[in-house]
1. Taking the Cα centre of each part, how many Å lie between region 130-153 and region 12-61?
2. Between N188 and residues 5 or more places away or on another chain, which pairs have amide H atoms under 5 Å apart, with H built 1.01 Å from N, and which residues are they?
3. Using a simple spin-label model with points 7 Å from Cα along the Cα→Cβ vector, what separation in nm is obtained for T107 and R47?
4. Which whole-number percentage describes the relative contact order of region 3-219, with Cα contacts under 8 Å and a sequence gap of 6 or more?
5. Residue by residue through region 157-167, what is 3J(HN,Hα) from phi via Karplus (6.51 cos²θ - 1.76 cosθ + 1.60, θ = phi - 60°)? Round to whole Hz and write x for glycine and proline.
6. Over its Cα atoms, what ratio of radius of gyration to 2.2 N^0.38 Å does region 1-87 give?
7. At R0 = 41 Å, how high is the FRET efficiency between A27 and D118 if r is their beta carbon distance? Nearest 0.05 is fine.
8. What is the local net charge at R109, summed over the other residues whose Cβ is closer than 15 Å to its Cβ (Lys, Arg +1; Asp, Glu -1)?
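Taken together, the values in this text are just the output of simple stated rules run on the coordinates, not laboratory data. Note that the structure is predicted; figures quoted are calculated from it, not measured. Here the Cβ positions follow ideal geometry from the backbone for every residue, glycine too, while neighbour counts run over all protein chains shown.
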Amino acid sequence: MTPDRRTAALAGALYLLTFVSSIPALALLAPVLVGGDYLTGPDADARVVTGALLDAVNAAACIGTAVVLLPVLRRTTEVRAVGFVTSRVMEAAIILVGVLSVLAVVTLRGVAAAGGADPALGAVADGLVAVRDQTFLLGPGLMSAVNALLLASVVLQARLVPRAIPLLGLVGAPLQIVSVLATAYGLNEQTSPLSMVAVLPIFLWELSFGLWLLLRGFRSWSAAVPLDRSVAQAR
C-alpha cells in the first residue's frame with residue numbers, strides 16, 4: 001500500500017467516524033435537548049454523558065480529517081489547504097463548546113437533586129441548552145458548508161475523486177449557508193423541511209467522499225492540474 005493510499009484510507013475512515021459518532025450522539029442527547037425538564041425528569045445522566053463523549057469523538061475526527069489530508073491538498077493549493085484545516089479546527093472547537101454545555105447541564109442536575117429544585121437552576125440549564133443549540137447551528141451547520149467550499153474545490157481541481165462527489169459539496173454548501181442564515185434570523189427552524197433538504201447534499205458529499213477514500217483511494221495525480229501561484233512559487 002502506497003503512502004497516498006494509506007492517507008486516503010485513514011482520511012476516509014475518519015470521515016466515516018464523524019457519522020458513526022455524531023448521529024448516535026444526537027439521539028442520546030435527546031433528554032437534554034428535547035422536553036426542557038431534564039433537571040427534574042428521569043435519570044438519564046449516563047446516556048447524556050455518552051452522547052457528549054461521542055460528540056467529542058466527532059470533534060477529534062473533524063480535526064483528524066484535516067490534518068491527514070493537509071499534505072495531499074497543499075500539493076495543489078497552499079491557501080485553501082490551510083484554510084480547510086483552519087475551518088475544520090473551528091468546527092471542532094464549536095462542537096466542544098456544545099459538549100461542555102451539555103456536561104454542565106448534567107452537573108446542574110446533580111446539584112438540583114442534592115439541594116432541591118431551584119427555578120434559577122432551571123433557567124441556567126435552559127441557557128446552556130440554548131448554547132448547545134447554537135453550537136450545532138454554527139459548527140456542523142455553517143462550518144461544514146465552509147469546509148465543503150474549501151475542500152471540494154481542491155478535490156475537484158486536483159481530480160482526486162470522481163467529479164460528481166465534490167460537486168455535491170459545491171452545490172450543497174450555498175444551500176446550507178442560506179439555511180443557517182435563515183435560521184439565525186428566525187426565518188427557519190433547524191428541524192424544518194427546508195433545513196433537511198439543504199443539509200442533504202453536504203451529508204451525501206461527506207459520506208461519499210469518505211467511502212471513496214476508504215475503499216478506492218485517490219485517483220492518480222494529473223500533470224494537467226494547474227497549481228496555485230503560492231505553491232508554484234514555493235517550488
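1. If we compute the Cα centre of each part, the gap is 17 Å.
2. T183
3. 2.4
4. Working: 292 pairs, mean separation 56.9, N = 217.
26 percent.
5. 4, 7, 6, 6, 9, x, 4, 4, 5, x, 4
6. Working: Rg = 17.5 Å, N = 87, 2.2 N^0.38 = 12.0 Å.
Taking N as the residue count of region 1-87, the ratio is 1.46.
7. That gives a FRET efficiency of 0.90.
8. Details: positive: R47, R132; negative: D37, D43, D45, D118, D126.
My count for the surroundings of R109 gives -3.
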